[in-house]
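The values are calculated or read from the model by the stated rules, or taken from the named source; none is laboratory data. Computed from a predicted structure; not experimentally measured. Using ideal geometry, Cβ is built from the backbone for each residue, glycine included, and neighbour counts are taken over all protein chains shown. For the accessible areas, the whole protein counts, side chains as well, though only heavy atoms, and no ligand, DNA or RNA atoms are used. Shrake-Rupley method; radii C 1.70, N 1.55, O 1.52, S 1.80 Å.
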Amino acid sequence: AGQEVARDGEYLLPIKRHDSTMVQGSFHVKDFSKEKLRLPLTTNRVHVIDILPESVVTKKSIAEVQIDEQGEFQYSEDLGIAKVAVVERHQNTGNVAVGLIRGYGIRKGAIALSIAHDSHNIITVGVNDEEMEFAVNSLIEQGGGIVLVEDQQILANMPLPIGGIMSDQTGERVEAQLSKIHEVAFQQLGICGGVEPVMTLCFMSLAVIPEIKITDMGLFDVTKFEFIPIEAESTEHNQLAEGKAEEELVLANSIR
């Protein structure tokens, strides 16, 4: 005995708009600049957030990355490891945490969102600090939402003025904007085909889903329920290598 509300892609019932002034998104970001996106390293062995396709669960891994002459992380398309950063946007703390993510697939530009469960800080991924800085600043200027950039130009965006997480536009308008965002993400920025470019990032800072996430306070090991450094210890690297060897041995014996 339900009521028909839509037919042939059209919404049938009257739409009443309400004033959303009281719930407009607010951005209180203190002293943000690309300097806060720097990632100096003393070793090339680092913890990375490994994305699992079509899942919000991530894997804690150790990888070897490239470092430039100043000891800074250097993006390499061949390795598929990019910077991910969370910028606090509510209390003017100035907190910015930088980590590394693998499996997202970005090859150009940057993407920034103000949808990042549950704190809904700003989260950004990019191939260099300049692109990420531009993406974050563009996101703040538009009052939150989603923005994709390349070469200091906005390629696609969707403002979300209500709390920085909701649109005040029609469902049709949102669908059109999101379709454009997906098109640009896959075709121009190089996001992996098995990755949902928006929703994947939305859950990268939700520090209750295993195994590893990032908040504005740093990289968080959900399994151990503690913050961990970007740099990986040699002993930990050896332990993971030994564990992998044991898994391979068990698999080989099972095949036999």
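Phi angles of region 49-61 translate, via the Karplus equation with coefficients 6.51, -1.76, 1.60 and θ = phi - 60°, into HN-Hα couplings of 8, 8, 7, 9, x, 6, 8, 9, 6, 10, 10, 7, 10 Hz per residue; Gly and Pro are given as x. Give me the net charge for the shell around D118: Cβ to Cβ below 15 angstrom, other residues only, Lys and Arg +1, Asp and Glu -1. Net charge around D118: 0. Across region 92-108, coupling constants 3J(HN,Hα) worked out from phi with the 6.51/-1.76/1.60 Karplus curve, θ = phi - 60°, read 6, 6, x, 5, 9, 10, 10, x, 10, 10, 10, x, 6, x, 4, 10, 9 Hz, and Gly and Pro carry x. Other residues lying with their Cβ under 10 Å from the Cβ of K108 contribute a combined charge of -3, Lys and Arg counting +1, Asp and Glu -1. In sequence order, region 123-140 has phi-based couplings of 10, 9, 10, x, 8, 7, 5, 5, 5, 5, 4, 5, 5, 5, 5, 5, 5, 5 Hz under the Karplus curve 6.51 cos²θ - 1.76 cosθ + 1.60, θ = phi - 60°, and Gly or Pro positions carry x. Taking amide hydrogens as placed 1.01 Å from N in the peptide plane, the amide H of G145 sits under 5 Å from those of S114, I115, L160, each at least 5 positions away in sequence or on another chain.
Residues with beta-carbon under 13 Å from that of T200, excluding T200: net charge, scoring Lys, Arg +1 and Asp, Glu -1?
On the way: positive: R102, K213; negative: D50, E54, E196.
Charge balance in the 13 Å sphere: -1.
Rolling a 1.4 angstrom probe over the protein heavy atoms with all chains in place gives the chain an accessible area of 54 Å² per residue. Computed over the chain with a Gaussian network model linking Cα atoms closer than 10 Å, the most mobile of V136, V195, V48 is V195.
Given +1 on the Cβ of Lys and Arg, -1 on the Cβ of Asp and Glu, and no further charges, what dipole in debye does the chain carry about its Cα centre, rounded to the nearest 20? Mind showing how you got there, number by number?
Numbers: 21 positive and 39 negative charges, 99 e Å.
Computed charge dipole of the chain: roughly 480 debye.
Carbon-plus-sulfur fraction of the accessible area of region 32-178, 1.4 Å probe, in percent? Using a 1.4 Å probe with all protein chains present, region 32-178 comes out at 45 percent carbon and sulfur.
List the pairs from K180/K224; K83/K224; K36/K180; K34/K60; K30/K83 whose alpha-carbon separation is above 28 Å, in the order I gave them. Could you put the intermediate results ahead of the total?
On the way: K180/K224 39 Å; K83/K224 23 Å; K36/K180 30 Å; K34/K60 26 Å; K30/K83 21 Å.
With Cα atoms farther than 28 Å apart: K180/K224; K36/K180.
Here the extension length gained between Q24 and S119 equals 32.6 nm, from 0.36 nm per residue of separation less the Cα-Cα distance.
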